[in-house]
Amino acid sequence: MKPIYFTPGPAALYPTVEAHLHQALRDNIPSISHRSSQFRAIYQSAYEGLRELLDLPTDMGVFFVGSATEVWERVLQNCVEQASFHLVNGAFSRKFYEFAGLLQKQAHKQEADFGKGFTAGELHVPQGIEMIAFTQNETSSGVATSVETIHDTKDAHLDSLIVVDAVSSAPYPIFDFAKVDSLFFSVQKAFGLPAGLGVWIANERCLAKAQALESKGINTGAHHKLTNLWQFFKKFETPATPNVLSIYLLDKVVQDMLAYGKDKLRDETDLKAIMLYDFLRESELFDVFVENPEHQSNTVIVANTRQPASPILKTLEEKGFIIGSGYDKSREQIRIANFPATSVEQVEMLIDAMSELS
């Protein structure tokens, strides 16, 4: 049988991607012009599908860029004149913070140990912070910041823009976009697509901030600055030639998710997470890494191994299961992605294979 991927990115392809890819090739989608009515229809359909899937309000624009890593740079350039604040508890949240320094912003951080998380009452945001950056699901450690913590932070800091990196969790969390100003992700994780596309969502407050910076003569970027992206978004185009095939596939997978039922997808994610965490707690070979249940991710589950991780990963691969290795090389760990592309039955098969190791 084909290997089943439980890697946290690139991850397993959503089951319908192969059929959509063949159809795209039959329809010559990779060759169409990004200035054509056909492409504008694809962009508009993807936008409307994401609006429904994520419950986006009408004042939010949806922009297509190269990756979520690019958005770290773009959002800092366009939404911060001087000072940003970052919650750092792993490799990716740290990189977001470091990007701010590289762009010569006054980067402030509050840091938690690897495997630990944050709650709203524990945050100490300095005065004058323009943007508060959350990495909602830290892929390296399997720590999730609750939606409630993000919302409560907005309530306490109304003048700050709330920006959420949801790379390894969207579309699972349900956000109140009255309390989130910008959100972004890449498609190669929970959307189950090939890598090569970043999706940046931002509201009109972010646009107004970018316009204000530009009015002061501050450089907010060149071709992919927010004001330019927004201008083209209004006619469902992009400033430069985008990854048309990936946008097409994203549109199709979003429509498939909606047809399946977004509530059903989230309920199944919860069920699969319960199955995996219950197994790990009872296992003689594995331990749950993130100790606080309130901070345990339901989409990237990290476990300590009581034996070297490499032979465990190799044995599972021989059984047909590709599991993520630990991000922290100083620890014996594995990472299991729990994305919509993998079914309850496949998770049961993985648990059976891991049980045999014990």
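Go through the range 263-288 residue by residue and tally those that are more than 22 Å from the chain's Cα centre (by Cα) and surrounded by fewer than 18 Cβ atoms within 10 Å (Cβ to Cβ).
Residues in the range 263-288 being more than 22 Å from the chain's Cα centre (by Cα) and surrounded by fewer than 18 Cβ atoms within 10 Å (Cβ to Cβ): 7 in total.
Only one residue in Asn219, Asn203 is touching a residue at least 40 places away in the same chain (Cβ under 8 Å), farther than 14 Å from Tyr43 by Cβ, loosely packed, with under 14 Cβ neighbours inside 10 Å and not assigned by TED's automatic domain parsing to the domain that holds Val302. Which one? So that I can check it myself, show each step before the final result.
Numbers: Asn203 fails: loosely packed, with under 14 Cβ neighbours inside 10 Å.
Exactly one of Asn219, Asn203 is touching a residue at least 40 places away in the same chain (Cβ under 8 Å), farther than 14 Å from Tyr43 by Cβ, loosely packed, with under 14 Cβ neighbours inside 10 Å and not assigned by TED's automatic domain parsing to the domain that holds Val302, namely Asn219.
Residue by residue, here is whether (1) farther than 20 Å from Gln255 by Cα; (2) in a loop (DSSP other than H, G, I, E, B); (3) in contact with a helix residue (DSSP H, G or I) (Cβ under 6 Å, 6 or more places away or on another chain) holds:
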residue: Ala195; (1), (2), (3): no, yes, no
residue: Ala210; (1), (2), (3): yes, no, yes
residue: Asn219; (1), (2), (3): yes, yes, no
residue: Ala222; (1), (2), (3): yes, yes, no
residue: Gln231; (1), (2), (3): yes, no, no
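Within 29 Å of Leu213 (Cβ to Cβ) and in contact (Cβ under 8 Å) with a residue 60 or more places away in the chain: which single residue out of Ser140, Ser160 fits that description?
Ser160
I need the full set of residues from the range 51-87 which are over 16 Å from the mean Cα position of the chain (by Cα) and of a type in the set (Val, Ile, Thr), in order please.
Hits for the range 51-87 are Thr58, Val80.
Return yes when Glu148 is buried (at least 24 other Cβ atoms within 10 Å of the Cβ) and in contact with a Ser or Thr (Cβ under 9 Å, 6 or more places away or on another chain) and no when it is not.
Values: buried (at least 24 other Cβ atoms within 10 Å of the Cβ): no; in contact with a Ser or Thr (Cβ under 9 Å, 6 or more places away or on another chain): yes.
No; evaluated as a whole, the condition is false for this residue.
May I ask you to list pairs of residues, at least six apart or on different chains, whose Cβ atoms are under 6 Å apart, with the first in the range 45-58 being in the same structural domain as Val253 (by TED's automatic domain parsing) and within 14 Å of Pro173 (Cα to Cα) and the second being crowded, with 18+ Cβ neighbours inside 10 Å and of a type in the set (D, E, K, R)?
Short answer, once both residue conditions are applied: Leu53/Lys262.
Strands (runs of 3 or more DSSP E) wholly in the range 63-150 with at least 2 residues that are at pLDDT below 95, assigned by TED's automatic domain parsing to the domain that holds Thr238 and at positive phi - which ones?
In the range 63-150, no matching strands (runs of 3 or more DSSP E) lie anywhere.
What is the number of the single condition among (1) touching a strand residue (DSSP E or B) at 6+ places or on another chain (Cβ under 8 Å); (2) free of Cβ contacts under 8 Å to residues at least 40 places away in the same chain; (3) among the aliphatic types (A, V, I, L, M) that Ala208 does not meet?
Failing condition for Ala208: (1).
Every residue in the range 88-111 that is within 15 Å of the chain's Cα centre (by Cα) and not charged (D, E, K, R), please.
Keep residues of the range 88-111 that are within 15 Å of the chain's Cα centre (by Cα), which gives 90-93, 95-96.
The answer is Gly90, Ala91, Phe92, Ser93, Phe96.
Among the numbered criteria (1) farther than 19 Å from Lys252 by Cα; (2) without any contact (Cβ under 8 Å) to a residue 60 or more places away in the chain; (3) surrounded by 14 or more Cβ atoms within 10 Å (Cβ to Cβ), which single criterion is violated by Ala68?
Among (1) farther than 19 Å from Lys252 by Cα; (2) without any contact (Cβ under 8 Å) to a residue 60 or more places away in the chain; (3) surrounded by 14 or more Cβ atoms within 10 Å (Cβ to Cβ), the lone unmet condition for Ala68 is (2).
Strands (runs of 3 or more DSSP E) wholly in the range 267-358 with at least 1 residues that are free of Cβ contacts under 8 Å to residues at least 60 places away in the same chain and farther than 21 Å from Tyr5 by Cβ - which ones?
286-288, 300-305
Quick one: how many residues across the range 11-49 are more than 21 Å from the chain's Cα centre (by Cα) and not in a loop (DSSP other than H, G, I, E, B)?
Residues meeting the conditions: 19.
Looking at the range 1-10, which of its residues are touching a strand residue (DSSP E or B) at 6+ places or on another chain (Cβ under 6 Å) and either among the hydrophobic types (A, V, I, L, M, F, W, C) or part of a loop (DSSP other than H, G, I, E, B) (or both)?
Pro3, Ile4, Phe6, Thr7, Pro8
Among the residues of the range 233-266, write down those that are in a loop (DSSP other than H, G, I, E, B) and not basic (Lys, Arg).
Phe236, Glu237, Thr238, Pro239, Ala240, Thr241, Pro242, Asn243, Gly261
Of all residues in the range 59-68, count the ones that are over 11 Å from Ala202 (Cβ atoms) and out of contact with any Lys or Arg (no Cβ under 8 Å at 6 or more places or on another chain).
Final tally of qualifying residues: 4.
Hey, among Phe289, Phe233, which residue is in contact with a strand residue (DSSP E or B) (Cβ under 7 Å, 6 or more places away or on another chain), aromatic (Phe, Trp, Tyr) and assigned by TED's automatic domain parsing to the domain that holds Val71?
On inspection, the qualifying residue turns out to be Phe233.
The values are calculated or read from the model by the stated rules, or taken from the named source; none is laboratory data. Predicted model, so just to flag it, every value in this text is computed and none were measured. Every residue, glycine among them, receives a Cβ derived from its backbone with ideal geometry; neighbour counts consider all protein chains shown.
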